[in-house]
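The values are calculated or read from the model by the stated rules, or taken from the named source; none is laboratory data. Everything quoted here is computed from the prediction, not taken from an experiment. Here the Cβ positions follow ideal geometry from the backbone for every residue, glycine too, while neighbour counts run over all protein chains shown. Please note that ligands, DNA and RNA were not included when accessible areas were found on the heavy atoms of the full protein model with its side chains. Shrake-Rupley method; radii C 1.70, N 1.55, O 1.52, S 1.80 Å.
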Amino acid sequence: MNIRFIKYFFLIPLLTVMIYAGDNQKSRLIVKINGLKNDQGTVKVALCNSAANYKDDRSPYKAAIIEIRNNQAIAVFENLQAGNYAVKAFHDENNNDDFDTNFLGIPKEDYGFSNNAKGLFGPPSWDAAKFILNKNDQVIEINFN
């Protein structure tokens, strides 16, 4: 009887920890940016995990500055929880850390969003750009045009 009692109290907590650890497994997101005009400058990538930080250009969940090679850039974000995310990126061709526009607000630098979402007069909505991160290693591609 004592052995059963001991096994019960050691086995249940161990199984609980194993199940809990599986639910908290971290994922890696690989973002491939295609269609860059040249290898000058860098690509600024913002990973957003809510509509609020998607709208705020200065406060993404995570950010990366990526070098360009062969008209392509690849950003890797590690240790992410499963859930909804959106990515926005732009080619900072002159490396001034700003998304350059003309006097009418029309972009001078290429840009893109996850799901290759497009906006009509401005960026696409969070709902158009969001995707579900639900794999250990997930790859998305954004095409700059």
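Please indicate, with yes or no, whether at least one residue in the range 90-107 is touching a residue at least 60 places away in the same chain (Cβ under 8 Å), among the hydrophobic types (A, V, I, L, M, F, W, C) and either within 19 Å of N53 (Cα to Cα) or touching a Leu at 6+ places or on another chain (Cβ under 7 Å) (or both). There is no residue in the range 90-107 that is touching a residue at least 60 places away in the same chain (Cβ under 8 Å), among the hydrophobic types (A, V, I, L, M, F, W, C) and either within 19 Å of N53 (Cα to Cα) or touching a Leu at 6+ places or on another chain (Cβ under 7 Å) (or both).
Which of the residues spanning the range 119-133 are surrounded by fewer than 15 Cβ atoms within 10 Å (Cβ to Cβ) and at pLDDT 95 or above?
Here is the first cut: in the range 119-133, the residues surrounded by fewer than 15 Cβ atoms within 10 Å (Cβ to Cβ) are 119-122, 127, 132.
Across the range 119-133, the qualifying residues are D127, I132.
Scan the range 31-52 for residues that are under 15 Å from S114 (Cα atoms), open to solvent by 20 Å² or more (accessible area, probe 1.4 Å) and not in a loop (DSSP other than H, G, I, E, B) and jot them down. Before the answer, list the steps.
Let us first name the residues in the range 31-52 that are under 15 Å from S114 (Cα atoms), namely 31-35, 43-51.
After this cut, where a residue has to be open to solvent by 20 Å² or more (accessible area, probe 1.4 Å) as well, the list is 32, 34-35, 44, 49-51.
If the condition is that a residue be under 15 Å from S114 (Cα atoms), open to solvent by 20 Å² or more (accessible area, probe 1.4 Å) and not in a loop (DSSP other than H, G, I, E, B), then K32, N34, K44, A51 are the ones that fit.
For the range 118-145: of the residues being part of a loop (DSSP other than H, G, I, E, B) and in contact (Cβ under 8 Å) with a residue 40 or more places away in the chain, which is nearest to Y61 (Cα to Cα)?
K130
Of the set (1) in contact with a Cys (Cβ under 8 Å, 6 or more places away or on another chain); (2) surrounded by fewer than 11 Cβ atoms within 10 Å (Cβ to Cβ), all apply to Y85 but (2). Where strands (runs of 3 or more DSSP E) fall entirely within the range 63-117, those with at least 2 residues that are farther than 14 Å from I140 by Cβ and out of contact with any helix residue (DSSP H, G or I) (no Cβ under 9 Å at 6 or more places or on another chain) are at 73-80, 83-92.
Scanning the range 28-86 for residues that are touching a residue at least 12 places away in the same chain (Cβ under 8 Å) and touching a Pro at 6+ places or on another chain (Cβ under 7 Å) turns up A46, L47, C48. Scanning the range 32-54 for any residue that is of a type in the set (A, V, I, L, M) and at pLDDT below 95 turns up nothing.
Taking the condition farther than 19 Å from N143 by Cβ and either buried (at least 19 other Cβ atoms within 10 Å of the Cβ) or at pLDDT below 95 (or both), does R28 pass? Walk me through it before giving the result.
Working: farther than 19 Å from N143 by Cβ: yes; either buried (at least 19 other Cβ atoms within 10 Å of the Cβ) or at pLDDT below 95 (or both): no.
So R28 does not fit the description; no.
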